[in-house]
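Notes for the one structure printed next.
We did not get these values from a lab; they are worked out from the coordinates using the rules stated. Because the structure is a prediction, the values reported are computed rather than measured. Note: ideal-geometry Cβ built from the backbone for every residue, glycine included; neighbour counts use all protein chains shown.
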Amino acid sequence: MSGPLAQTQPGEPVIPDFGEGSECVVENRLFCPDWVRDNWSGVLQPALLEHVKLTLIAVAIGFAIALAAALVTHRFRLAEKPFVAFSAVVYTIPSLALFQLLVPVTGLTVTTVEVALVGYTLLILYRNVLEGLRGVPADVLEAARGMGLTRRQTLWRVELPLAVPAIMAGLRVAVVSTIALATVAALVIPEGLGYPIFLALREAFKTEIIVAGALAVGLALAADALLVLAERALTPWARARRTA
Amino acid sequence: MSGGAAEIAFDRVTKRYPGRAEPAVRELTLTVPAGEICCLVGPSGAGKTTAMKLVNRLIDITEGDITIGGTSVRSLDVTGLRRGIGYVIQQVGLFPHMSVADNVATVPRLLGWPKERSAARVDELLDLVDLPADDYRARFPSQLSGGERQRVGLARALAADPPVMLMDEPFGALDPITRARLQHELLRIQSTLRKTILFVTHDIDEAILIGDRIAILREGGVLAQYDTPEALLERPADEFVARFLGADRGLKLLALRRLDELELAPLDGADGPGADGSTTLRDALSLMITAGSRSLVVLDGDGRARGVVTLDVLAGLAE
């Protein structure tokens with residue numbers, strides 16, 4: 001058994017104090033269902049909801065910025081390089097370092113966390129929206145123009161609907177990676193599934209680490225599945241194949 | 001601009017692209033009478049598609065003017081102009097995310113037609129292009145064959161009943177059998193609708209079949225000749241036009257006429273293969289050659305001999 005026992009010095013108590021609890025909890029076994037039952041409404045559920053909220057806000061803001069930037073770029077090609085450069089640089093900064101950079105400016109706040117999380121969504125969302133807009137076949141655009149659709153009508157009625165598959169692909173990656181990244185938010189604020197993991201790590205309390213981690217993974221899978229369903233509902237045409 | 005047909009007139013139209021010494025279209029003057037099909041043909045680089053796109057201002061005119069029913073295209077709002085002109089392209093350009101019905105209803109929706117009127121028009125047009133509405137209305141373009149897509153493309157262009165249609169090699173990407181079928185469908189539809197159609201093709205046989213008139217353009221966007229198919233084949237204006245029509249232009253001319261149009265010689269015991277009066281002269285010639293005969297017997301509907309056509313008569317037709 002590694003962990004706390006291996007690191008303890010002679011003379012210190014060998015078994016850390018895991019507080020009042022069952023034998024399972026006191027002995028810090030791999031997984032204690034009773035602890036989960038006792039702490040669901042007090043610890044785990046609030047952390048899960050906070051995690052969902054952190055993710056939703058980050059992806060929503062990130063998507064809004066990326067969409068606006070992609071629309072500008074779609075119209076004015078020159079805007080592409082600066083935006084890609086900016087979002088790629090943000091993307092490459094390690095998250096811990098980014099939090100460190102932001103804390104002096106925005107403090108130990110949700111803002112710090114959201115700015116970082118939004119930053120990481122930009123590159124993937126921007127690229128996918130732009131790729132989707134640019135993937136519209138030339139003949140479709142020519143027909144649209146030839147029939148007298150204005151630029152705006154072409155965008156809303158033709159280009160954006162046809163970009164939905166690429167946009168949804170970007171959203172799936174952005175949501176899943178934001179859910180994973182948001183656990184790191186616990187370094188800044190006591191929110192999200194990262195916080196119980198953070199606390200449990202100090203004491204090497206296995207059940208809490210495993211359950212909080214599993215919730216993060218489950219949340220990512222569930223969110224991804226929801227987005228797949230949403231994409232199917234939005235793009236019936238993409239799955240229509242020749243029936244004849 | 002809706003319903004009926006309108007004359008299209010090019011008046012000394014020139015298109016110059018910046019940075020190019022030679023214009024793409026040079027002083028083009030031609031008039032397509034209302035209700036006729038004008039085929040624009042010529043080698044690549046002759047500016048036929050450019051000339052067509054000047055009409056709905058997908059490309060801007062440099063000099064000169066084009067009028068539709070007497071109104072300059074330059075004086076109209078560009079989106080309004082385009083909504084009043086049917087537009088069909090080779091790659092069709094159906095909207096992949098919209099059903100057949102929504103595709104066809106595109107322009108009526110832009111024009112703000114009430115839903116019921118659009119829906120009724122969609123069904124009417126799908127029937128016109130021989131796609132049963134109940135079967136096809138809800139399909140997506142990915143569920144159609146190439147020929148069916150172009151039928152929908154044609155229905156979509158006709159949706160708001162425009163007086164003028166522009167067709168850019170609409171059948172160029174189809175297999176020969178589907179192409180032939182659609183060419184005849186277009187002629188059938190045109191025989192009732194009587195639109196003014198500007199039809200770009202690089203296929204001279206298609207132009208001869210479809211066009212009431214043919215405009216042959218040469219490199220540099222210069223009009224080489226503008227005439228009916230018969231007149232072009234009989235009297236090409238110059239060597240370029242003759243070469244473009246092909247060495248078999250005599251046969252093409254024969255293909256335009258049928259045995260019924262000839263004055264027949266009396267039978268007089270003449271011999272040869274038989275053919276009925278709807279046979280083209282080209283096929284009649286072919287029959288004589290394969291039978292090794294200098295004459296052919298024209299039959300009536302009951303298979304009785306009506307008279308005789310000789311090789312000499314066919315050879316003397318273009319005089």
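Here are some notes:
- Which of B:I8, B:A24, B:P114, positive extreme of dipole for the stretch B:1-127 (C-beta unit charges): B:A24
- Calculated FRET efficiency, B:E116 to B:A21, Cβ-Cβ distance, R0 = 60 Å: about 0.60 to the nearest 0.05.
- Shielding of A:235-241 by partner chains, average beta-carbon count, 10 Å: 5
- For residues of B:89-102, the mean tally of beta carbons on other chains within 10 Å: 5
- Ranking A:A238, A:L226, A:L215 by how far each Cα lies toward the positive end of the dipole of the stretch A:204-244 (charges on Cβ) leaves A:A238 at the top.
- Label-to-label distance, nm, for residues given as B:D302 and B:R109 (7 Å Cα→Cβ offset): 6.0
- On the basis of the beta-carbon distance and an R0 of 22 Å, B:D205 and B:S293 show a calculated FRET efficiency of 0.20.
- Evaluated with a Cβ-only charge set (Lys, Arg +1; Asp, Glu -1), chain A carries a dipole of roughly 1780 debye about its Cα centre, given to the nearest 20.
- Contour excess over end-to-end distance, with Cα ends at A:A180 and A:R75 and 0.36 nm allotted per residue: 34.4 nm
- Close amide H partners of B:Q225, meaning residues 5 or more places away or on another chain with modelled amide H under 5 Å apart, are B:I216.
- Structure note, pairs B:K48/B:K115; B:K48/B:K195; B:K53/B:K115: Cα-Cα distances above 26 angstrom occur for B:K48/B:K115; B:K53/B:K115.
- If both residues of a DSSP beta bridge must be in the protein assembly as shown, then about 55% of such bridges are antiparallel.
- All other residues whose Cβ lies under 9 angstrom from that of B:K252 are scored, Lys and Arg at +1 and Asp and Glu at -1, for a net of 0.
- Residue exposure proxy: B:M52, B:M98, ordered by other Cβ atoms within 10 angstrom of their Cβ from fewest to most, comes out as B:M98, B:M52.
- Counting, for every residue in A:96-107, the Cβ atoms of other protein chains within 10 Å of its Cβ and taking the mean gives 0.
- Efficiency of FRET between A:A97 and A:E23 - r from beta-carbon atoms, R0 51 angstrom, step 0.05: 0.75
- Label-reachable residues, the stretch B:215-229, where backbone N falls under 13 Å from a point 7 Å from B:R243's Cα toward its Cβ: B:218-219
- Taking Cα centre as origin and charging only the Cβ of basic (Lys, Arg, +1) and acidic (Asp, Glu, -1) residues, the dipole magnitude of the protein assembly as shown rounds to 1060 debye.
- Of the residues A:V105, B:G301, A:A70, the one whose Cα sits farthest towards the positive end of the charge dipole of the protein assembly as shown is A:V105 (charges of +1 on Lys and Arg Cβ, -1 on Asp and Glu Cβ, taken about the Cα centre).
- As a length-normalised measure over Cα pairs under 8 Å and 6 or more apart, the relative contact order of chain B settles at 20 percent.
- Between B:R20, B:R139, B:R156, the Gaussian network model of chain B with springs among Cα atoms under 10 angstrom shows the greatest mean-square fluctuation at B:R20.
- Taking every alpha-carbon pair under 8 Å whose residues sit at least 6 apart, the stretch A:78-202 reaches a relative contact order of 28 percent.
- Once the chain from A:A68 to A:L201 is taken as fully extended at 0.36 nm per residue, the excess over their C-alpha distance is 43.8 nm.
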